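Asks: This is the structure I want to talk about, given as structure tokens.
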Amino acid sequence: MRYTNPIIPGFHPDPSICRAGEDYYLVTSSFEYFPGVPLFHSRDLVHWRQIGHCLTRKAQLPLDNAWISGGIYAPTIRHHAGRFHMITTNTSDGGNFFVCTDDIDGEWSDPIWLDKEGIDPDLFFDDDGAVYYTLSRRTAGSVHIGQCTIDIATGKKCSEWRNIWEGTGGLGPEGPHVYKINGTYYLMIAEGGTEFGHMETVARGPSASGPWESCPRNPILTHRSSGSPIQATGHADLVQTPGGHWFMVCLGIRPFGYHRVHVLGRETFLAPVTWDADGWPRVGDGRMIALEMESDHLPAPCPWPVRPVRDDFDQPVLGVEWNFIRNPIVERYSLTERPGWLTLYGGPASLDRMEWPTFAGRRQEQLQSCASTLLDFASVADGEEAGLTVFQNYDHHYEIAVVRRDGANQLICRRRIGDLAAETASMSAPANPLHLRIRAEKDAYCLEYGVDGTTYHCMDKGRMRYLSTEVGGRFTGVYFGLYATGNGKESSTPARFDWFTDRVSE
């Protein structure tokens, strides 16, 4: 069977995967966005649909202190004895914890907190009942893979911390996962930093704590110093099909342009894994993966219905693909105040401030794409603003918006690049309601408006690379977002959005 990478496009990094019967479940990092830890379901490893999030309550995911690319790092999902466990790190509040559920379609438990010894935690359930808690740990200036055993009911340590492996010498050993395969224990980690030097390495040993023998062919996965259209591959996890075949999910990026930058974030890719006669894994085609790959061992194809590109806001809650920045102030969002519309009320925070902006966004998943909406915003108070943004983080974003100034509504375009912010175009708002559109093409975002929804006019263009991870970001990708702000004060004027579309550009 031939399949296309990435299997989950857009900002979906640090994938972890498990199997329960014939079904596969996958989670990724979410950083400062809420809800946290998106949860995906597949029956064939190729076609995935998002079924929810693991962290949907502020009690599970406090983000009040989350900085740019703070919050949730590198989750691991495991299925053991009929129960799902998801373990992760809230870098901004509390450290490491896990949640669990017996119903993958239901709510997850409140957090069970663990020792704050590092990041990228993993859970391994051994045959003798021992539960191993493994992570990337820094002590005395050294980064290594640390481990202890825990009581899975309480999270309490059952053994002392020990340094079990320092990797092969690459930068920042992280993302550990422990497996038992055919009676042998394997420890797989990421090294080299989550940039262009990223790689995946593996070791094996007689127990879940080693001692570890490094694979003589390490790294088993890397695209460093290659001309591949996929780069920065690593932070991987393994899964076995019911038929006994193995596959790997990993993160990677798709850079573009002369400057080799990426705006979509780190995405989730899939590769077949085979085992050599000497007991070491071999990934893809000679340590590398491709945009088009083939495997005779994938489960039978089981595609899901295609997600509609248009959201008419006619459901009681926003769909699972929508996110907020930090924990939302729920009183500022409504799907019932005007049925069939998303109503937003702006607060003092703008998109430039690391607080609680009124923002609802969806990941940009393809480089050539187009987001549009119909905005009804009849402001009567100076300073009130609402519109459509393409958002990397608080310091890097572009928007097209309606703002009230000197008693009149203006249509503006704004670009924020680091500590420089400029209003790049303005005019009297030509209509209300007004069609707004951001079109991603080649290496630029086109900020456009229309009166009838058929003809659009470009007001401004901003280079994509200034919203790239290499220029302005850390670990997240770009969102298309709807927003409202009072620019320093509470707004009393509702910003109403009739619909939102996100489609591949023609």
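Asks: Please give the number of the condition residue 378 fails out of (1) in a strand (DSSP E or B); (2) surrounded by fewer than 24 Cβ atoms within 10 Å (Cβ to Cβ).
Replies: All conditions are met except number (1).
Asks: Mind checking whether some residue in segment 461-481 is farther than 30 Å from residue 232 by Cα, touching a residue at least 60 places away in the same chain (Cβ under 8 Å) and crowded, with 20+ Cβ neighbours inside 10 Å? Even if it seems obvious, please write down each step before you answer.
Replies: Our first condition is that a residue be farther than 30 Å from residue 232 by Cα; within segment 461-481, this holds for none.
Checking segment 461-481: not a single residue is farther than 30 Å from residue 232 by Cα, touching a residue at least 60 places away in the same chain (Cβ under 8 Å) and crowded, with 20+ Cβ neighbours inside 10 Å.
Asks: Mind telling me which of the residues 325, 289, 329 ends up being under 22 Å from the mean Cα position of the chain (by Cα) and not assigned by TED's automatic domain parsing to the domain that holds residue 351?
Replies: On the way: 325 fails: not assigned by TED's automatic domain parsing to the domain that holds residue 351; 329 fails: not assigned by TED's automatic domain parsing to the domain that holds residue 351.
One residue alone meets the criteria, 289.
Asks: Another one. So if I check each of 487, 432, which one is within 20 Å of residue 349 (Cβ to Cβ), surrounded by fewer than 20 Cβ atoms within 10 Å (Cβ to Cβ) and not assigned by TED's automatic domain parsing to the domain that holds residue 266? Reasoning before the result, please.
Replies: On the way: 432 fails: within 20 Å of residue 349 (Cβ to Cβ).
Step by step, each of 487, 432 is checked, and only 487 is within 20 Å of residue 349 (Cβ to Cβ), surrounded by fewer than 20 Cβ atoms within 10 Å (Cβ to Cβ) and not assigned by TED's automatic domain parsing to the domain that holds residue 266.
Asks: Another question, if that's okay. Can you tell me how many residues in segment 168-180 are within 15 Å of residue 212 (Cα to Cα) and touching a residue at least 40 places away in the same chain (Cβ under 8 Å)?
Replies: Of all residues in segment 168-180, those within 15 Å of residue 212 (Cα to Cα) come to 168-169, 173, 176-180.
With the extra rule that they be touching a residue at least 40 places away in the same chain (Cβ under 8 Å), the set shrinks to 168, 176-180.
Qualifying residue count, segment 168-180: 6.
Asks: Moving to a separate point now. Looking for whichever is modelled with pLDDT of 95 or more, of a type outside the set (A, V, I, L, M, F, W, C) and over 26 Å from residue 137 (Cβ atoms) here; the options are 103, 110, 14. Which one fits?
Replies: Exactly one residue qualifies, and that residue is 103.
Asks: Run residue 178 past the list (1) among the β-branched types (Val, Ile, Thr); (2) closer than 16 Å to residue 236 by Cβ; (3) part of a loop (DSSP other than H, G, I, E, B) and report the number of the one that doesn't hold.
Replies: Status for residue 178: all satisfied but (3).
Asks: Another question, then. Tally time: how many residues in segment 33-47 are part of a loop (DSSP other than H, G, I, E, B) and either in the same structural domain as residue 357 (by TED's automatic domain parsing) or buried (at least 21 other Cβ atoms within 10 Å of the Cβ) (or both)?
Replies: Result for segment 33-47: 3.
Asks: May I pose another question? Residue under question is residue 164, and the condition is that it be farther than 20 Å from residue 78 by Cα, in contact with a Leu (Cβ under 8 Å, 6 or more places away or on another chain) and in a strand (DSSP E or B); does it hold? Break it down into steps so the answer makes sense when it comes.
Replies: Working: farther than 20 Å from residue 78 by Cα: yes; in contact with a Leu (Cβ under 8 Å, 6 or more places away or on another chain): yes; in a strand (DSSP E or B): yes.
In short, yes.
Asks: Evaluate segment 95-105: report whether one residue or more is in contact with a strand residue (DSSP E or B) (Cβ under 9 Å, 6 or more places away or on another chain) and free of Cβ contacts under 8 Å to residues at least 12 places away in the same chain.
Replies: Yes, segment 95-105 has at least one match.
Asks: Is it the case that some residue within segment 234-256 is surrounded by fewer than 20 Cβ atoms within 10 Å (Cβ to Cβ), farther than 26 Å from residue 212 by Cβ and touching a helix residue (DSSP H, G or I) at 6+ places or on another chain (Cβ under 9 Å)?
Replies: Checking segment 234-256: at least one residue is surrounded by fewer than 20 Cβ atoms within 10 Å (Cβ to Cβ), farther than 26 Å from residue 212 by Cβ and touching a helix residue (DSSP H, G or I) at 6+ places or on another chain (Cβ under 9 Å).
Asks: Quick check: anything in segment 457-465 over 25 Å from residue 345 (Cβ atoms), in a strand (DSSP E or B), under 30 Å from the mean Cα position of the chain (by Cα) and of a type in the set (Asp, Glu)?
Replies: The answer is yes; a qualifying residue exists.
Asks: In a strand (DSSP E or B) and under 18 Å from residue 9 (Cα atoms): is that true of residue 265 in this structure? Talk me through it step by step, then tell me what you get.
Replies: On the way: in a strand (DSSP E or B): no; under 18 Å from residue 9 (Cα atoms): yes.
Considered against the rule, which asks whether it is in a strand (DSSP E or B) and under 18 Å from residue 9 (Cα atoms), residue 265 comes out as no.
Asks: Would you call residue 439 under 24 Å from residue 342 (Cα atoms) and not in a loop (DSSP other than H, G, I, E, B)? Before the answer, list the steps.
Replies: Working: under 24 Å from residue 342 (Cα atoms): yes; not in a loop (DSSP other than H, G, I, E, B): yes.
Spelling it out, residue 439 is indeed under 24 Å from residue 342 (Cα atoms) and not in a loop (DSSP other than H, G, I, E, B).
Asks: Next up: Could you check, for segment 188-197, whether at least one of its residues is assigned to a strand (DSSP E or B), at pLDDT 95 or above, more than 30 Å from residue 226 (Cβ to Cβ) and in contact with a strand residue (DSSP E or B) (Cβ under 8 Å, 6 or more places away or on another chain)?
Replies: Going residue by residue through segment 188-197, those that are assigned to a strand (DSSP E or B) are 188-191.
Subsequent filtering for residues that are at pLDDT 95 or above retains 188-191.
With the extra rule that they be more than 30 Å from residue 226 (Cβ to Cβ), the set shrinks to none.
No - not one qualifying residue is present in segment 188-197.
Conditions (1) part of a strand (DSSP E or B); (2) in the same structural domain as residue 120 (by TED's automatic domain parsing); (3) of a type in the set (Gly, Ala, Ser); (4) modelled with pLDDT under 95, marked per residue:
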site	(1), (2), (3), (4)
26	yes, yes, no, no
51	yes, yes, no, no
62	no, yes, no, no
68	no, yes, no, yes
74	yes, yes, yes, no
85	yes, yes, no, no
89	yes, yes, no, no
99	yes, yes, no, no
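Asks: For the list (1) buried (at least 24 other Cβ atoms within 10 Å of the Cβ); (2) more than 17 Å from residue 485 (Cβ to Cβ); (3) among the aliphatic types (A, V, I, L, M), I need the number of the one condition that residue 400 fails.
Replies: If we test residue 400 against (1) buried (at least 24 other Cβ atoms within 10 Å of the Cβ); (2) more than 17 Å from residue 485 (Cβ to Cβ); (3) among the aliphatic types (A, V, I, L, M), just (2) comes out false.
The values are calculated or read from the model by the stated rules, or taken from the named source; none is laboratory data. The shown structure was predicted, so the numbers you read here are calculated from the model rather than taken from an experiment. Quick reminder, even Gly has a Cβ in these numbers, built from the backbone with ideal geometry, and neighbours come from all protein chains shown.
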